[in-house]
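The values are calculated or read from the model by the stated rules, or taken from the named source; none is laboratory data. The structure displayed is predicted, hence computed values, not measured ones. FYI the Cβ positions are ideal-geometry reconstructions off the backbone, even for glycines, and counts take in every protein chain you see.
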Amino acid sequence: MANPGTPTFDQLRLFLAVVETGSFAAAARRMNRAVSVVSYGIGNLEAQLGLPLFEREGTRRPTLTVAGRAVLAEARNVAQGIDGLRAKVKGLLEGLEAEVNLAVDVMLPSDRLGRVLRGFSAQFPTVSLRLHVDALGAITSHVVDRRAVIGISGPIISGTEIERVAAGSVLMVPLAAPDHPLARMNPIPPGATRDHVQLVLSDRSPLTQGRDFAVTSTRTWRLADLGAKHQLLREGIGWGNMPLPMVEADLFAGTLVRLALPDDTGGTYRFSGIWRRDEPPGPAASWLLQQFLDEGANDDVSAPDV
């Protein structure tokens, strides 16, 4: 069985240049080489692989053979990989991070997160991103324990190791399924929520363990997942507060209704951008943090805090 040789990256670049420009002469101009050098390089590549890559007879323009078309895809993959490697190394030499670890509060609107991360991907194509989505004090834990370099957190316990800056907010609203007893009351009397199960998002970190946020009922179901809370609200199992952007479609469809509670009207859930004081974010992480600050700059904060 014949074993092909190992082509050089320069040979592959010559091959791609001929394909992309459509001729040996145009490839030579792009590569700033003599035509004879390009022709010689392609000949050596074909010899290394043991396959003809271009038709040599009956055509004035170099036409790929069947083997040439098969090799083309792999050559492009190699070239893109090398270009990516060089770009990453260049960024490292200039102080750019190889990876950014980001932790965000589950209450952060998903469309905002998507816009920021799409922009980050375009701005820093060589920087990998590791995303953690969690709730309450768990975001601070990620940053304190160095699992994330920056976080977009909800309510936190301030510590000497954490720096923080306001990063917008989201409106929280009390909800229930349309067939829930509270949804059928008009008006809802003060104290009525105490008699019904309140679905509450719980903290998986020790930082805010034992603290309750916007809990008014003596009967609670505690859930570690916001998606599960959303589904249980739809099922009519209890009532609870949710970020308005996440439930707008439910309100429009009527699968959830907003409760006019005299003792729990919802409120503003404020976000903070956080990082360790002894480990300030690098260029890419700083850019990312600023995008979240810019996105949250015009949020309505007129409602009281939850």
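L182 meets all of the listed conditions (1) in a strand (DSSP E or B); (2) in contact with a helix residue (DSSP H, G or I) (Cβ under 8 Å, 6 or more places away or on another chain); (3) surrounded by fewer than 23 Cβ atoms within 10 Å (Cβ to Cβ); (4) not β-branched (V, I, T) but one, namely (1). Going through the range 156-167 one residue at a time, which ones are at pLDDT below 75 and either acidic (D, E) or under 15 Å from L136 (Cβ atoms) (or both)? Scanning the range 156-167 gives I156, I157, S158, G159. Do we find a residue being modelled with pLDDT of 90 or more, of a type in the set (A, V, I, L, M) and under 19 Å from L113 (Cα atoms) anywhere in the range 257-264? Within the range 257-264 (the criterion being modelled with pLDDT of 90 or more, of a type in the set (A, V, I, L, M) and under 19 Å from L113 (Cα atoms)), the answer is no, since none of the residues qualifies.
Please verify whether E235 is surrounded by fewer than 15 Cβ atoms within 10 Å (Cβ to Cβ), in contact (Cβ under 8 Å) with a residue 40 or more places away in the chain and farther than 22 Å from G151 by Cβ, treating the condition exactly as stated.
Criteria met by E235.
Return yes when R33 is surrounded by 13 or more Cβ atoms within 10 Å (Cβ to Cβ) and of a type in the set (K, R) and no when it is not. Spelling it out, R33 is indeed surrounded by 13 or more Cβ atoms within 10 Å (Cβ to Cβ) and of a type in the set (K, R). Can you confirm whether the range 228-247 contains a residue that is charged (D, E, K, R) and more than 30 Å from V100 (Cα to Cα)? Looking for residues that are charged (D, E, K, R) and more than 30 Å from V100 (Cα to Cα), one finds at least one in the range 228-247, hence yes. Taking the range 21-45, which residues are within 43 Å of the chain's Cα centre (by Cα), closer than 12 Å to P62 by Cβ and of a type outside the set (A, V, I, L, M, F, W, C)? Hits for the range 21-45 are T21, G22, S23.
Could you tell me whether P109 is surrounded by 12 or more Cβ atoms within 10 Å (Cβ to Cβ), modelled with pLDDT of 80 or more and either of a type outside the set (D, E, K, R) or farther than 28 Å from A27 by Cα (or both)? So P109 passes the test. Whether any residue in the range 137-146 is in a helix (DSSP H, G or I), in contact with a Lys or Arg (Cβ under 7 Å, 6 or more places away or on another chain) and modelled with pLDDT of 90 or more is what I want to check. Looking for residues that are in a helix (DSSP H, G or I), in contact with a Lys or Arg (Cβ under 7 Å, 6 or more places away or on another chain) and modelled with pLDDT of 90 or more, one finds at least one in the range 137-146, hence yes. Looking at the structure I just gave you, is R115 in a loop (DSSP other than H, G, I, E, B) and surrounded by fewer than 24 Cβ atoms within 10 Å (Cβ to Cβ)? So R115 fails the test.
It is to be established whether one or more residues within the range 80-103 are closer than 30 Å to L223 by Cα, surrounded by 15 or more Cβ atoms within 10 Å (Cβ to Cβ), touching a helix residue (DSSP H, G or I) at 6+ places or on another chain (Cβ under 6 Å) and at pLDDT 85 or above. So far as the range 80-103 goes, yes, one or more of its residues are closer than 30 Å to L223 by Cα, surrounded by 15 or more Cβ atoms within 10 Å (Cβ to Cβ), touching a helix residue (DSSP H, G or I) at 6+ places or on another chain (Cβ under 6 Å) and at pLDDT 85 or above. Only one of the numbered conditions (1) surrounded by fewer than 24 Cβ atoms within 10 Å (Cβ to Cβ); (2) more than 30 Å from R86 (Cβ to Cβ); (3) of a type outside the set (A, V, I, L, M, F, W, C) is not met by S121, and that is (2).
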